[in-house]
Amino acid sequence: MITSEQKKEIIEKFGTNSQNTGDSKVQVALLSARINDLQGHFKANPKDHASRRGLLKLVGQRRRLLKYIRERDIDEYRKLIADLNLRK
């Protein structure tokens, strides 16, 4: 699980202020943190298919938000991808 301190840190890093939790960049960063956190769970529990479905929903939601950001501002999209290390 992601602790509330980690969430606050992510919100302050990617948002314009600590109250701006609805910004697309903040949402993508929080989803990425949850997705990365679930990777360890699946190493320990490879047959947990119900949680795998939830993971796929999170990945799809992140993909849609990234598409929205890419269409609005390509430079912001590239910076976010670099900050989160999503593409190699």
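Between N45 and K57, full extension at 0.36 nm per residue minus the direct alpha carbon distance yields a gain of 2.5 nm. The phi torsions of the range 24-35, fed into the Karplus equation with coefficients 6.51, -1.76 and 1.60 and a -60° offset, translate into couplings of 4, 5, 5, 4, 5, 5, 5, 5, 5, 5, 5, 5 Hz, rounded to whole numbers, with Gly and Pro shown as x. Put simply, the convex hull of the Cα atoms in the range 23-84 casts, on average, a shadow of 4.1 nm². With contacts taken as Cα pairs under 8 Å and at least 6 residues apart, the range 23-84 reaches a relative contact order of 45 percent.
A Förster radius of 22 Å, combined with the Cβ-Cβ distance separating K79 from M1, puts the computed FRET efficiency at roughly 0.20. The equivalent ellipsoid that matches the C-alpha gyration tensor of the range 1-41 spans semi-axes of 19, 11, 6 angstrom, in descending order. Across the range 67-78, coupling constants 3J(HN,Hα) worked out from phi with the 6.51/-1.76/1.60 Karplus curve, θ = phi - 60°, read 5, 4, 5, 4, 6, 7, 8, 5, 5, 5, 4, 5 Hz, and Gly and Pro carry x.
In plain terms, the residue of R78, R53 with the fewest other Cβ atoms within 10 Å comes first and the most crowded comes last, giving R53, R78. A Cβ-based charge dipole, computed about the Cα centre of the chain with Lys and Arg at +1 and Asp and Glu at -1, lands at about 540 debye.
Any read-out appearing in this document is the output of simple, stated calculations on the displayed coordinates, not a laboratory observation. In this text the structure is predicted, and so the values were computed from the model without any measurement. Positions of Cβ are generated from backbone atoms using ideal geometry, with glycine treated the same way; all protein chains shown enter the neighbour counts.
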